[in-house]
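Heads up: the structure comes next, in structure tokens.
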Amino acid sequence: MKIAIINASPKTRNSNSELILSDLKHYLNDQCEIIDTKLSYNCAFNRVYNEVKDADSWLFAYPLYVDNMPSHLLKFLEWLSDNKLSTKRNIYAICNCGFYEGVQAECAINVVKFWCNKTGNVFSGGVGVGGGEAFDALKSVPVGYGPKTSIDKALGTIAQAIATKSTTSSKFVNLDYPRFLYKIGATGRWHKLIRKNGGKVKDLGRQLT
Amino acid sequence: MKLIITDIKNPNFNISGEHQIISPQRDIKPCIGCFACWTKTPGECIIRDGYNKTGITMGKCDELIIISECRYGSVSSFVKNVQDRAISYIHPCFVIKKGEMHHKRRYFNTLKLTAYFYGNDITEEEKENARNLMQSNVDNYNGELGKVYFYNSKEDLEGIAL
């Protein structure tokens, strides 16, 4: 059993998708052969396809951008479909959102599902992960514990489905951490980033004409 | 002003009033996920390919019209690319609205979003997803959702009154 894990964050490194995939791989353990690949914004589709074409199953991991998947991933799916390059695989999806509520990734997971329906692949389950911005701060928390408990449980369930090439229902999960504290943390992160770039907090809301 | 974002290269629409059209007249670069449009050059994308000021244009509009092929219950990758490159229209920080976390406003205009999807094999499930996506977009744009239309082909949109 070969699973191709396609990290489709536009970022070339240090993505939240990468951190979430690290927890997923903990559950996959030695149950299947993993082909690890990146589909960042500048990747050639041919190269990515050649890397993953021999896998029995594919898993796409991506962030929620404008309530949907990032455009470069959508373009990759269109390219595969238009060139009739992928059929009959089990397809899994993990979408992480900056919003607290994992359910906000539902439309973005559905896009993968409908792509499967159009291309003859088998959509085999998805996870919508809320609170993705916290994952960097939770790097030292052991898998399955603390604020990641519910998210990691859902990752464990989809890992089991991947390992057995079976289908599971999609799950939408939040951090086990209060929403108001997550919101404060996220605000603090943006304040820190703009200051680091030499700006002021009020510049975050700058209006241009 | 009306802003029309479409994946039709040479659109032939009957548009009244002040408007701007964004269509695939030139190549668009993908969003690189750097968030510079929020934290380095707030309000504007740093990729200078002619699509970097869409967020600013959205701040001047009262109508946003999306005309796109429906791909798997989504807008097409071109339209999504334009949307990704325009996240500077909104503020990075969060607010709670309708019981959910969404983005804070940067501008104080209210966009009315109308969408025209086309495609010859759009399923009912895909239509529902496309409608839900448009609703989620307006929730984050702090706008209002107008009608969401579905057409069987791009040709059916020829000369449409906007």
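The values are calculated or read from the model by the stated rules, or taken from the named source; none is laboratory data. Every value quoted in this text rests on a predicted model; they were computed, and no experiment measured them. A quick note on method: Cβ atoms are made from the backbone with ideal geometry, for glycine too, and the neighbour counts reach across all protein chains shown. Just the protein is used for accessible areas: all its heavy atoms, side chains included, with ligands, DNA and RNA removed. Shrake-Rupley method; radii C 1.70, N 1.55, O 1.52, S 1.80 Å.
Residues checked against (1) without any contact (Cβ under 8 Å) to a residue 60 or more places away in the chain; (2) not charged (D, E, K, R):
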residue: B:Q83; (1), (2): no, yes
residue: B:C93; (1), (2): yes, yes
residue: B:K97; (1), (2): yes, no
residue: B:H102; (1), (2): yes, yes
residue: B:R105; (1), (2): yes, no
residue: B:F108; (1), (2): yes, yes
residue: B:A115; (1), (2): yes, yes
residue: B:T123; (1), (2): yes, yes
Tally the residues that are more than 7 Å from chain B (Cβ to nearest Cβ) and part of a loop (DSSP other than H, G, I, E, B), restricting the search to the stretch A:166-198.
-> 11
Residue that is farthest from the other protein chains (Cβ to nearest Cβ), among those in the stretch B:83-108 that are surrounded by fewer than 24 Cβ atoms within 10 Å (Cβ to Cβ), of a type in the set (A, V, I, L, M, F, W, C) and not in a strand (DSSP E or B) | B:F108
Flagged in the stretch A:146-160 as surrounded by 18 or more Cβ atoms within 10 Å (Cβ to Cβ) and either in contact (Cβ under 8 Å) with a residue 40 or more places away in the chain or farther than 17 Å from A:G130 by Cβ (or both), in numbering order, are A:K148, A:I151, A:D152, A:L155, A:I158, A:A159
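A quick yes/no check of all residues on (1) hydroxyl-bearing (S, T, Y); (2) out of contact with any helix residue (DSSP H, G or I) (no Cβ under 8 Å at 6 or more places or on another chain); (3) assigned to a helix (DSSP H, G or I):
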residue: B:I4; (1), (2), (3): no, yes, no
residue: B:I21; (1), (2), (3): no, yes, no
residue: B:P24; (1), (2), (3): no, no, no
residue: B:D27; (1), (2), (3): no, yes, no
residue: B:I32; (1), (2), (3): no, yes, no
residue: B:W38; (1), (2), (3): no, no, yes
residue: B:I46; (1), (2), (3): no, no, no
residue: B:G50; (1), (2), (3): no, yes, no
residue: B:G55; (1), (2), (3): no, no, yes
Only one of (1) part of a strand (DSSP E or B); (2) closer than 30 Å to B:N137 by Cβ; (3) open to solvent by 30 Å² or more (accessible area, probe 1.4 Å); (4) of a type in the set (V, I, T) fails for A:V103. Which number is that?
-> (1)
With the condition kept exactly as written, say whether any residue in the stretch A:127-148 is in a strand (DSSP E or B), hydrophobic (A, V, I, L, M, F, W, C) and either in the same structural domain as A:P70 (by TED's automatic domain parsing) or under 23 Å from A:N68 (Cα atoms) (or both).
-> yes
Could you tell me whether the stretch B:26-35 includes any residue that is open to solvent by less than 10 Å² (accessible area, probe 1.4 Å), farther than 18 Å from B:L162 by Cβ and within 11 Å of chain A (Cβ to nearest Cβ)?
-> yes
Scan the stretch A:122-145 for residues that are within 13 Å of chain B (Cβ to nearest Cβ), farther than 17 Å from A:A186 by Cα and open to solvent by 10 Å² or more (accessible area, probe 1.4 Å) and jot them down.
-> A:F123
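If you go through the stretch A:83-105 one residue at a time, do you hit one that is acidic (D, E) and facing chain B (nearest Cβ under 10 Å)?
So in the stretch A:83-105, the residues acidic (D, E) come out as A:101.
Going one step further and asking which of them are facing chain B (nearest Cβ under 10 Å), we end up with A:101.
Yes: one or more hits.
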Which condition number in (1) open to solvent by 60 Å² or more (accessible area, probe 1.4 Å); (2) within 13 Å of the chain's Cα centre (by Cα); (3) at the interface with chain A (Cβ under 7 Å from one of its Cβ atoms) is the one that B:N132 fails?
-> (2)
Does any residue in the stretch A:46-58 that is in the same structural domain as A:T167 (by TED's automatic domain parsing) and part of a helix (DSSP H, G or I) come within less than 7 Å, Cβ to Cβ, of a residue that is surrounded by fewer than 18 Cβ atoms within 10 Å (Cβ to Cβ) and at pLDDT below 95 six or more places away or on a different chain, and which pairs are these?
-> A:Y49/A:L85
Scan (1) at pLDDT 95 or above; (2) within 8 Å of chain B (Cβ to nearest Cβ) for the single condition A:Y41 breaks and write down its number.
-> (1)
For the stretch A:12-37, how many residues are open to solvent by less than 50 Å² (accessible area, probe 1.4 Å) and among the basic types (K, R)?
-> 0
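Sort out which residues of the stretch A:52-66 are open to solvent by 10 Å² or more (accessible area, probe 1.4 Å) and either within 7 Å of chain B (Cβ to nearest Cβ) or out of contact with any helix residue (DSSP H, G or I) (no Cβ under 7 Å at 6 or more places or on another chain) (or both), and write them in order of number.
At the first step, the residues of the stretch A:52-66 found to be open to solvent by 10 Å² or more (accessible area, probe 1.4 Å) are A:53-54, A:56, A:63-66.
A:K53, A:D54, A:D56, A:Y65, A:V66 - these are the residues of the stretch A:52-66 that are open to solvent by 10 Å² or more (accessible area, probe 1.4 Å) and either within 7 Å of chain B (Cβ to nearest Cβ) or out of contact with any helix residue (DSSP H, G or I) (no Cβ under 7 Å at 6 or more places or on another chain) (or both).
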